[in-house]
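The values are calculated or read from the model by the stated rules, or taken from the named source; none is laboratory data. Given the structure is predicted, the values throughout are model-derived calculations rather than measurements. Ideal geometry is used to build each Cβ from the backbone, glycine not excepted, and the neighbour counts take in all protein chains shown.
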Amino acid sequence: MRLLIALLLAAACQNSPATQVETQPLVGKPQDPKPAKPKQPAKAKPKRPVVVPPGAYLLQYRFPEGLIYDETTVRDFYLELVSGDKRVVYRVGSKESFRRTIVESSGDGPPEVERVQVVQMVRSVTQSATEDANEKVDAAQGRSFVWRKRGDDWFLYDSAGDAGGRFPRLVERLRNWREARLPPKPVKPGESWEVTAKAFLETAGQPLPPELQGSARFKLEEVTDGVARITFTFGYRWASGPPTNMEMSADGEGVWRFDVKNGRELGLEMKSTILAGDSGKGRASQKRTVEYGAKR
């Protein structure tokens, strides 16, 4: 039972009283973990323009340099487990709020360099329906970081240098670019597209459970005043691992709002039902809001 709870904790949510952000100066320009060998500059291949058919929409991210935006995510995870005459109620709640500034960007897709101020990163855990939640503030709260893309991976830095090993939960949460959820080509209202469970969870900033299988299906419902309303359903399965080897599942639905003209996410809400073998059931929810400010 304890092992199962620990595994569920790793695959669930994370992070309440807000603290004032202390912006910390960064020393010089962050260095890569391993200096790259000098290469001859490659000739840039001109991008072929995407042809958008009449009535269709091209959904893609656009992040101009200097853009400032505030991203807040609230998660709630509840699970009830029964083993013999024992009943365990387990709940995890979290709230995370980041102020992100685009430092370097090509304009399309995720930026190359961001400055991230962790406004709030709090997690509460309870194993009883009556006891008070045990709140824990993450060590990253109130600090300032640089989030830098190198190749297919990301690296976190602060004024002391490489910070990824010291703030693993923050790295997990920031690794949440959602472009993998977007359709690969222009779509019309009523059309759908599918992504794997792996892409769906990774782009939500969540850890991947072992032996993960499943998918998520998205549908463009409508575009009103330049804002797309996208609905989605998802279902995935995974194993809790030895010694319990319990089969776990999550099925749910949600709504995603996307600014088509500016290429920006506006918000997302989702909820799911969770089953743990024959003796456990629960629910989970997530709400993310994004507010954009003027360019610096």
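If you go through segment 180-190 and keep only what is within 15 Å of residue 256 (Cα to Cα) and part of a loop (DSSP other than H, G, I, E, B), you end up with 182, 183, 189, 190. Report, by residue number, each residue of segment 259-293 that is closer than 22 Å to residue 57 by Cβ, in a loop (DSSP other than H, G, I, E, B) and of a type in the set (D, E, K, R). Result: 261, single match.
Can you confirm whether segment 156-178 contains a residue that is among the aliphatic types (A, V, I, L, M), surrounded by fewer than 18 Cβ atoms within 10 Å (Cβ to Cβ) and part of a loop (DSSP other than H, G, I, E, B)? Break it down into steps so the answer makes sense when it comes.
Step one: of segment 156-178, the residues among the aliphatic types (A, V, I, L, M) are 156, 160, 163, 170-171, 174.
Filter once more, so that each one left must be surrounded by fewer than 18 Cβ atoms within 10 Å (Cβ to Cβ): 160.
Going one step further and asking which of them are part of a loop (DSSP other than H, G, I, E, B), we end up with 160.
Yes, segment 156-178 has at least one match.
Which one is modelled with the lowest pLDDT, of the residues in segment 191-203 that are part of a strand (DSSP E or B) and either under 19 Å from residue 61 (Cα atoms) or within 11 Å of the chain's Cα centre (by Cα) (or both)? Explain how you work it out, then say what you get.
Just the residues of segment 191-203 that are part of a strand (DSSP E or B), to begin with: 192-196.
Remaining after also requiring either under 19 Å from residue 61 (Cα atoms) or within 11 Å of the chain's Cα centre (by Cα) (or both): 192-195.
Working: 192: 97, 193: 96, 194: 96, 195: 92.
Taking the candidates together, the pick is 195.
Candidates in segment 76-89 are the residues that are over 11 Å from residue 284 (Cβ atoms) and modelled with pLDDT of 85 or more; of these, the one that is surrounded by the most Cβ atoms within 10 Å (Cβ to Cβ) is 80.
Residue-by-condition table, conditions (1) among the polar types (S, T, N, Q); (2) more than 24 Å from residue 257 (Cβ to Cβ); (3) at pLDDT below 95:
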| site | (1), (2), (3) |
| --- | --- |
| 110 | no, no, yes |
| 128 | yes, yes, yes |
| 134 | yes, yes, yes |
| 166 | no, yes, no |
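Restricting 240, 249 to those that are over 16 Å from residue 181 (Cβ atoms), touching a Gly at 6+ places or on another chain (Cβ under 9 Å), modelled with pLDDT under 90 and surrounded by 16 or more Cβ atoms within 10 Å (Cβ to Cβ) reduces the list to 240. If you check 271, 287, 281, 261 for being more than 17 Å from the chain's Cα centre (by Cα) and under 23 Å from residue 74 (Cβ atoms), only one passes: 281.
Filtered by the rule that a residue be more than 20 Å from residue 172 (Cα to Cα) and assigned to a strand (DSSP E or B), segment 101-155 gives 103, 104, 107, 108, 126, 134.
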